[in-house]
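Novice: Can you keep this structure in mind? I'll have questions shortly.
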Amino acid sequence: MSKRIWVWSLMVAFGLSAVAWAGPVVVKLWQSEGYGLEAVESLIESLVPGVDLQVVEYPYNELRMKLFTTLAAGDPKVAPDIVMVDSIWLGEFVEGGYLAELTDVVADEAADWFDAFRNGSQWPAGSGKYYGLWYDTDVRVTMYWPDLLLEAGVNAGDLLYWDTFISACKKLNEALAPQGIGGFRLDMGGAYAADFFFFPFLWAEGGEILVAKDGKLVPAFNSEAGVKALQFLVDLVKVGGVEPQLDIFWGNDWAARKWAVYIHGNWATSESRFPGTTAAERMKKVAVLPYPVSEPGKVPVTLSGGWIMTIPAVVKAKAPDRYAKAVEVMEAFLRADVMAEYASALARIPVRAALMEEPYRSKLAENIEFFDFYSKMASIAKVRPAIPQWSQVADAIFEAMQKAIFQGVDPQTALDEAAAKVKAILGG
Amino acid sequence: MIKGILNSERTLPYVLMAPLLVLLFSVTLFPFLWNFYVSMHDLKTTNLQSGAPFVGLANYFRLFRDPTFLHSLKISSYFVLGSMVGQFGLGLLLAMILHYHPGPARVFRVIFVIPWILSALIIGYSWIWMYNYRFGLINSLLRLVGLRPIHWLNDIRMALWALVIANIWRGTPFTMLFLEAALKTIPSEPYEAAKVDGATSWQSFRYITLPLLRPAIAINLILVTMWTFNLFDTILVMTKGGPANATLTTAMYMYKSAFEYGLLGYGSAITIVMLLINALLAVLYFKTIGRRA
């Protein structure tokens, strides 16, 4: 009898220790370098008991192909549980069948999000079918060093309109060149140049990149608005004496006072570019403005980029337990308090209205300089169409910019040529 | 039976070569065949899972109707020709100097070879800085002598030649070492005989050195042409094919098509065409230079 009790006790003890040995469930998350979800890793782990969140980072340029090759294998063993995809990759990944449809997970949550980000998390945009949630964004604005403007005798108000912006650049260049400081930095090193220097001007003039016609997308950027926007860039170079730059330092050189004025993402005014400073200190050093517009009365528009948190289709289809855990983690991350913590730690701009209200607003404003301004810009931001052919479309538009700026090709001709190319790319 | 195969003079060589052939097949021939197979399909990042439709030679026909591809071939030919002329001319000159001045050659050989041992990325970034319009070394020198600075990488007319210069700088040491080694194999007797016959230095070079160097020159030109035609990392770092596709070589366009645009089948077709061009050039070189040698 006592022997039997011993045997049973041992079996129970082994069983319990096996359960204890099993430890927490590992949830693997892949993200691009610098999009530090680890900032809220322990918070999420406390909200989802029994989960060990493992964040793996890849360089931006590698992540897309790494995801394609891994997910195409169709093997849940090698696939991560949660992935972050750049918002402009969404169409390509959904069309390829790599992402799980998450409408039931995020649709309610999405009601609170700004329009651009809510629509941008759906594929096709605005269809009501969600493939994740846009959790991280930025806004692009004009940023400047007030003391350098003062030194050059330039009024900050001159940066609000195209014609005065051009003359301000010329003045800044002339006054600051002896100190080795450039007036205005115009990035022309890659297709991203259009994100900063063409699309926001195009939108402000009432134009669009692509429009739907007879159920198909067709180019629209070669409209009158597009020509005006590109002509402004040509004038910046020809009349304003701005030297286009082929290298890019993502705001580091502007923060190091190599340039007086820059149009760039809000990260360039953040602590990452001004280490050891508080938001209040940064707001005393530098200043920001909306994009310049062609004339008074025109409303400036900004472009927002960012990342979408999503789950691979293979995990949903072949590993339901892991999918359930990934959903739990995702729901925890999308809570307003967790998102506020994340945005505050990494100076990201909120994508939802709730974070612009108390109790979150004060906390965010404490860490994010120009918080109210950036949030307002995000609430009216526009985003790029996340179609699978986006990289080809962006390249064609960038080629038009280069032809007009470097080769002296008439903006209308350059944009028409690009539009013909884009039409063919889109299957027109 | 195994014993019989190993003892047979007819079969033994094949048995001994088999491991090498298997290795060669798996690392060279198989990827090539696979690449060719992919090029016959409309494989994209969006249909990796669902399966790409077979399109036969459609990707190849599309290539020769694609103005960007034809433009990239033109850019590649300028890039290869410029680099080859510069590398060969300078390399031969340096090889001759080092060969006939063995004393200082020991030090200078090490200095000259530095660009060749650097990574293409480091070279790319170094040249970006040297070409910088405002702070670059080259424009500073131009300003110093009263000349106007040049938009080396921003100017559509200059960008390709700026890349050619950077590539010559990188590739010359290889040609120099290669030809110097070949010079060492030329016996001294023909030069002595020529001297007795009253030949000038130029005549010795023209009628003895150059003909005896021909096999080495042929191999060197083939290698330089292939490497330059396939070069893409330095271009990726320095210009990414811009401005306005002024430096979009075929290798760069292949990379963009396959890995940026996600058109894997189309990118593979470009690779196969590049391979054919390389093979054609090699045959041409051997026919023109090699045979005469």
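The values are calculated or read from the model by the stated rules, or taken from the named source; none is laboratory data. Predicted model only: the values in this text are computed from it and were never measured. All Cβ positions, even for glycine, are placed from backbone atoms using ideal geometry, and neighbour counts span all protein chains on display.
Novice: Are there any pairs with C-beta distances below 6 angstrom linking a residue in the stretch B:208-221 that is in contact (Cβ under 8 Å) with a residue 24 or more places away in the chain to a residue that is small (Gly, Ala, Ser), with the two at least 6 apart or on different chains, and if so which?
Specialist: Close Cβ pairs (under 6 Å, with a partner that is small (Gly, Ala, Ser)) amount to B:213/B:182; B:214/B:293; B:215/B:293; B:216/B:182; B:218/B:290.
Novice: Can you go through B:51, B:56, B:103 and tell me which one is within 14 Å of chain A (Cβ to nearest Cβ) and either farther than 25 Å from residue B:231 by Cβ or not in a helix (DSSP H, G or I) (or both)? Steps first, answer last, please.
Specialist: Numbers: B:56 fails: within 14 Å of chain A (Cβ to nearest Cβ); B:103 fails: within 14 Å of chain A (Cβ to nearest Cβ).
Criteria check complete, one pass: B:51.
Novice: Same structure again: Give me the pairs: first residue in the stretch A:261-280 and in contact (Cβ under 8 Å) with a residue 24 or more places away in the chain, second residue hydroxyl-bearing (Ser, Thr, Tyr), beta-carbon distance under 7 Å, and six or more apart or on different chains, which are they?
Specialist: Within 7 Å, the pairs are A:261/A:142; A:261/A:144; A:263/A:142; A:263/A:291; A:266/A:374; A:268/A:262; A:271/A:277.
Novice: If a residue must be of a type in the set (D, E, K, R) and more than 9 Å from chain B (Cβ to nearest Cβ), how many such residues does the stretch A:396-426 contain?
Specialist: Residues that pass the stated criteria total 4.
Novice: Test residue A:53 against the criterion of being of a type in the set (A, V, I, L, M), in a helix (DSSP H, G or I) and at pLDDT 85 or above, and give yes or no. First the steps, then the outcome.
Specialist: Values: of a type in the set (A, V, I, L, M): yes; in a helix (DSSP H, G or I): no; at pLDDT 85 or above: yes.
Here the answer is no, as residue A:53 does not meet what is asked.
Novice: Look through A:123, A:134, A:203 and report the one residue that is under 30 Å from residue A:107 (Cβ atoms) and within 14 Å of chain B (Cβ to nearest Cβ).
Specialist: Numbers: A:134 fails: within 14 Å of chain B (Cβ to nearest Cβ); A:203 fails: within 14 Å of chain B (Cβ to nearest Cβ).
That would be A:123, the only listed residue that is under 30 Å from residue A:107 (Cβ atoms) and within 14 Å of chain B (Cβ to nearest Cβ).
Novice: Of all residues in the stretch A:68-85, which are crowded, with 16+ Cβ neighbours inside 10 Å, over 18 Å from the mean Cα position of the chain (by Cα), closer than 25 Å to residue B:263 by Cβ and not polar (S, T, N, Q)?
Specialist: Scanning the stretch A:68-85 gives A:68, A:71, A:72, A:74, A:79.
Novice: Condition check: away from chain A (no Cβ under 14 Å), modelled with pLDDT under 95, within 30 Å of residue B:160 (Cα to Cα) and out of contact with any Cys (no Cβ under 6 Å at 6 or more places or on another chain). Does residue B:30 satisfy that? Before you say what the answer is, go through the steps one by one.
Specialist: Values: away from chain A (no Cβ under 14 Å): yes; modelled with pLDDT under 95: yes; within 30 Å of residue B:160 (Cα to Cα): no; out of contact with any Cys (no Cβ under 6 Å at 6 or more places or on another chain): yes.
It is false that residue B:30 is away from chain A (no Cβ under 14 Å), modelled with pLDDT under 95, within 30 Å of residue B:160 (Cα to Cα) and out of contact with any Cys (no Cβ under 6 Å at 6 or more places or on another chain).
Novice: Tally the residues that are surrounded by fewer than 23 Cβ atoms within 10 Å (Cβ to Cβ), in contact (Cβ under 8 Å) with a residue 12 or more places away in the chain and of a type in the set (Val, Ile, Thr), restricting the search to the stretch A:369-428.
Specialist: The number of residues fulfilling the criteria is 4.
Novice: Given (1) over 19 Å from the mean Cα position of the chain (by Cα); (2) of a type outside the set (Gly, Ala, Ser); (3) within 14 Å of another protein chain (Cβ to nearest Cβ), where does residue A:366 come up short, assuming only one miss?
Specialist: (3)
Novice: Something else now. Can you pull out the residues in the stretch A:175-208 that are of a type outside the set (A, V, I, L, M, F, W, C), in contact (Cβ under 8 Å) with a residue 60 or more places away in the chain and in a helix (DSSP H, G or I)?
Specialist: Selection gives A:195, A:200.
Novice: For the list (1) surrounded by fewer than 24 Cβ atoms within 10 Å (Cβ to Cβ); (2) within 12 Å of chain B (Cβ to nearest Cβ), I need the number of the one condition that residue A:101 fails.
Specialist: (2)
Novice: Let me ask something else about it. Looking at the stretch B:176-293, what helices (runs of 4 or more DSSP H) fall wholly within it and have at least 2 residues that are within 14 Å of chain A (Cβ to nearest Cβ) and closer than 30 Å to residue B:62 by Cα? Spell out the reasoning first.
Specialist: Numbers: elements: B:189-196, B:201-204, B:210-230, B:233-238, B:250-255, B:264-285.
The helices (runs of 4 or more DSSP H) meeting that bar are B:233-238, B:250-255, B:264-285.
Novice: Condition first: of a type outside the set (Ser, Thr, Tyr) and closer than 30 Å to residue A:242 by Cβ. Can you find one or more residues in the stretch A:354-363 that meet it? Explain how you work it out, then say what you get.
Specialist: Step one: filter the stretch A:354-363 for residues of a type outside the set (Ser, Thr, Tyr), giving A:354-359, A:361, A:363.
In the following step, the residues that additionally are closer than 30 Å to residue A:242 by Cβ were identified as none.
No: the stretch A:354-363 contains no residue that is of a type outside the set (Ser, Thr, Tyr) and closer than 30 Å to residue A:242 by Cβ.
Novice: Sort out which residues of the stretch B:215-226 are more than 21 Å from residue B:184 (Cα to Cα) and surrounded by fewer than 17 Cβ atoms within 10 Å (Cβ to Cβ), and write them in order of number.
Specialist: Of everything in the stretch B:215-226, nothing turns out to be more than 21 Å from residue B:184 (Cα to Cα) and surrounded by fewer than 17 Cβ atoms within 10 Å (Cβ to Cβ).
Novice: Moving on. For the stretch A:241-360, which fully contained helices (runs of 4 or more DSSP H) count at least 3 residues that are within 30 Å of residue B:135 (Cα to Cα)? Don't jump to the end; show me each part of the working.
Specialist: Details: elements: A:252-255, A:279-285, A:313-318, A:320-333, A:336-346.
Here the list reads A:252-255, A:279-285.
Novice: I'd like the full set of residues that are of a type outside the set (Gly, Ala, Ser) and within 14 Å of chain B (Cβ to nearest Cβ), limited to the stretch A:79-98. Give the derivation first.
Specialist: Pass one, the stretch A:79-98, residues of a type outside the set (Gly, Ala, Ser): A:80-86, A:88-90, A:92-95, A:98.
Within the stretch A:79-98, A:85, A:86, A:88, A:89, A:90, A:92, A:93, A:94, A:95, A:98 meet the criteria.
Novice: Okay, moving on. Name the single residue, out of those in the stretch B:121-136 being under 23 Å from the mean Cα position of the chain (by Cα), surrounded by fewer than 17 Cβ atoms within 10 Å (Cβ to Cβ) and hydrophobic (A, V, I, L, M, F, W, C), that is farthest from the other protein chains (Cβ to nearest Cβ).
Specialist: B:122
Novice: Which members of the stretch A:155-174 meet the condition of being free of Cβ contacts under 8 Å to residues at least 60 places away in the same chain, over 23 Å from residue B:154 (Cβ atoms) and of a type outside the set (S, T, N, Q)?
Specialist: The answer is A:157, A:158, A:163.
Novice: Quick check on the stretch B:137-189: of everything there that is without any contact (Cβ under 8 Å) to a residue 40 or more places away in the chain and of a type in the set (S, T, N, Q), which residue is surrounded by the fewest Cβ atoms within 10 Å (Cβ to Cβ)?
Specialist: If we take residues in the stretch B:137-189 being without any contact (Cβ under 8 Å) to a residue 40 or more places away in the chain and of a type in the set (S, T, N, Q), then B:188 is surrounded by the fewest Cβ atoms within 10 Å (Cβ to Cβ).
Novice: Within the stretch A:55-65, identify whether any single residue is of a type in the set (Val, Ile, Thr) and crowded, with 24+ Cβ neighbours inside 10 Å, and answer yes or no. Walk me through how you get there before you give the answer.
Specialist: Our first condition is that a residue be of a type in the set (Val, Ile, Thr); within the stretch A:55-65, this holds for A:55-56.
Imposing the further condition that a residue be crowded, with 24+ Cβ neighbours inside 10 Å reduces the set to none.
Among the residues of the stretch A:55-65, not one is of a type in the set (Val, Ile, Thr) and crowded, with 24+ Cβ neighbours inside 10 Å, which makes the answer no.
Novice: Only residues that are closer than 15 Å to residue B:269 by Cα and touching a residue at least 40 places away in the same chain (Cβ under 8 Å): list them for the stretch B:28-56, please.
Specialist: The answer is B:32, B:35, B:36, B:38, B:39, B:40, B:41, B:42, B:43, B:44, B:52, B:55.
Novice: When the stretch A:107-117 is examined, which residues are found to be within 20 Å of residue A:329 (Cα to Cα) and either surrounded by 24 or more Cβ atoms within 10 Å (Cβ to Cβ) or free of Cβ contacts under 8 Å to residues at least 12 places away in the same chain (or both)?
Specialist: Answer for the stretch A:107-117, where residues must be within 20 Å of residue A:329 (Cα to Cα) and either surrounded by 24 or more Cβ atoms within 10 Å (Cβ to Cβ) or free of Cβ contacts under 8 Å to residues at least 12 places away in the same chain (or both): A:108, A:111.
Novice: Next question. Could you figure out which of (1) surrounded by fewer than 21 Cβ atoms within 10 Å (Cβ to Cβ); (2) β-branched (Val, Ile, Thr); (3) under 23 Å from the mean Cα position of the chain (by Cα); (4) within 14 Å of chain B (Cβ to nearest Cβ) isn't true of residue A:338?
Specialist: Residue A:338 satisfies all of (1) surrounded by fewer than 21 Cβ atoms within 10 Å (Cβ to Cβ); (2) β-branched (Val, Ile, Thr); (3) under 23 Å from the mean Cα position of the chain (by Cα); (4) within 14 Å of chain B (Cβ to nearest Cβ) except (4).
Novice: In the list A:116, A:168, which residue meets the criterion of being assigned to a helix (DSSP H, G or I), of a type in the set (A, V, I, L, M), more than 22 Å from the chain's Cα centre (by Cα) and more than 14 Å from every other protein chain (Cβ to nearest Cβ)? Walk me through it before giving the result.
Specialist: Values: A:116 fails: more than 22 Å from the chain's Cα centre (by Cα).
Going through A:116, A:168 in turn, the sole match is A:168.
Novice: Taking the stretch A:119-136 on its own, how many of its residues are assigned to a loop (DSSP other than H, G, I, E, B) and among the aliphatic types (A, V, I, L, M)? Steps first, answer last, please.
Specialist: Of the residues in the stretch A:119-136, the ones assigned to a loop (DSSP other than H, G, I, E, B) are A:121, A:123-129, A:131-132.
Remaining after also requiring among the aliphatic types (A, V, I, L, M): A:125.
Total meeting the criteria: 1.
Novice: What number of residues within the stretch A:213-245 satisfy the criterion of being modelled with pLDDT under 95 and of a type in the set (Asp, Glu)?
Specialist: The number of residues fulfilling the criteria is 2.
Novice: Then there's this: Within the stretch B:194-214, how many residues are within 29 Å of residue B:274 (Cβ to Cβ) and loosely packed, with under 15 Cβ neighbours inside 10 Å?
Specialist: So the first thing to find is which residues in the stretch B:194-214 are within 29 Å of residue B:274 (Cβ to Cβ), and the list is B:213-214.
Filter once more, so that each one left must be loosely packed, with under 15 Cβ neighbours inside 10 Å: none.
The number of residues fulfilling the criteria is 0.
Novice: Within the set of pairs 6+ apart or on separate chains, which have a first residue in the stretch A:61-72 that is farther than 19 Å from residue A:386 by Cα, a second that is at pLDDT below 90, and C-beta atoms under 8 Å apart?
Specialist: Close Cβ pairs (under 8 Å, with a partner that is at pLDDT below 90) amount to A:71/B:49; A:72/B:48; A:72/B:49.
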